[in-house]
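Q: For reference, the structure I am asking about is given below.
Rule-based calculations on the coordinates, nothing more; no lab input. What you see is a predicted model, and the numbers here were worked out from it, not measured in a lab. All Cβ positions, even for glycine, are placed from backbone atoms using ideal geometry, and neighbour counts span all protein chains on display.
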Amino acid sequence: MNYRAVETESEYVARLETGADWRAEIEALAEAVEADAAWFTALGAVQDAELWFYDQDECEYYPIEYDEPLEVASCVGNVSWLDGERFAHTHAVLSDPDGTAYAGHLNEATVWAGEVHMRVFAEGLEREHDETTDLDLWPL
Ligand code: ZN
């Protein structure tokens, strides 16, 4: 395990725009407040979604698509730099009318309504490729 201390520089709350992309909206918030590293939580509802599951044997992401309205029962993620852009690494638990939950790495989803709390750190973080996992991770 590697770690470092972080200090909160500022905190924001935001309402996501209906019809926009969930993750792009969070990245737009990060861009607007110039967040070079942040942690966020969010909740709300989406009109559709694409989750990704990372296969650890094949080191590949596989998409799971939902073309129906779902609740965002929980969403957590962080913001850091990846390939020269602010990337919102976003995970979510989505639920359907029966309360059945679907969860994973959220690639995209169309916002119905969303509320976000973002905590911006004073120092930035940038992802680097990790040989072991074939993922872009923090090089702490
Ligand atoms: Zn992920």
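Q: Could you derive backbone 3J(HN,Hα) for segment 106-111 from the dihedral phi with the Karplus parameters 6.51, -1.76 and 1.60 (θ = phi - 60°), listing whole Hz in sequence and x where the residue is Gly or Pro?
A: Going residue by residue, I get 8, 7, 8, 6, 8, 5 Hz, with x marking Gly and Pro.
Q: For Thr133 paired with Thr41, estimate the spin-label separation in nm (one decimal), with each label point 7 Å from Cα along the Cα-to-Cβ line.
A: Roughly 2.2 nm, to one decimal.
Q: Moving on. Could you work out which residue, out of Ala14, Ala37, Ala45, moves most in a Gaussian network model of the chain, that is, has the largest mean-square fluctuation with Cα springs under 10 Å?
A: Most flexible of the set in this elastic network: Ala14.
Q: Which one of Asp21, Asp55, Asp96 has the biggest mean-square fluctuation once the chain is modelled by GNM with Cα springs under 10 Å?
A: For the chain, modelled as a Gaussian network with Cα springs under 10 Å, the answer is Asp55.
Q: Can you give the Rg to Rh ratio of segment 1-107, both from alpha-carbon atoms, with Rh computed by the Kirkwood formula?
A: Result: Rg/Rh = 0.98.
Q: Would you kindly calculate the translational diffusion coefficient of segment 46-140, applying Stokes-Einstein with the Kirkwood radius from alpha carbon pairs, for 4 °C and a viscosity of 1.567 mPa s, and quote it in µm² s⁻¹ without decimals?
A: Diffusion coefficient, whole number: 88 µm²/s.
Q: Let me spell out the model: positive unit charges on the Cβ of Lys and Arg, negative unit charges on the Cβ of Asp and Glu, origin at the Cα centre of segment 1-103. What dipole size does that give, in debye rounded to 20?
A: Working: 4 positive and 24 negative charges, 98 e Å.
Approximately 480 debye in magnitude.
Q: Expressed as a rounded percentage, what relative contact order does the chain have, with Cα pairs under 8 Å and six or more residues apart?
A: For the chain, the relative contact order is 36 percent.
Q: Further question on the same structure: Given a Förster distance of 30 Å, report the FRET efficiency between Ser10 and Ser74 from their Cβ-Cβ distance, rounded to the nearest 0.05.
A: With a Förster radius of 30 Å, E is 0.80.
Q: Per residue of segment 116-121, what does 6.51 cos²θ - 1.76 cosθ + 1.60 with θ = phi - 60° give for ³J(HN,Hα)? Whole Hz please, x for Gly and Pro, Karplus curve as stated.
A: 10, 10, 10, 10, 9, 8
Q: Also, I was wondering about something else. Got a sec to turn the phi values of segment 13-30 into Karplus ³J(HN,Hα) couplings, 6.51 cos²θ - 1.76 cosθ + 1.60 with θ = phi - 60°, whole Hz, x for Gly and Pro?
A: Using θ = phi - 60°, the values come out as 10, 8, 10, 7, 7, 4, x, 7, 7, 4, 6, 4, 5, 5, 5, 5, 5, 4 Hz.
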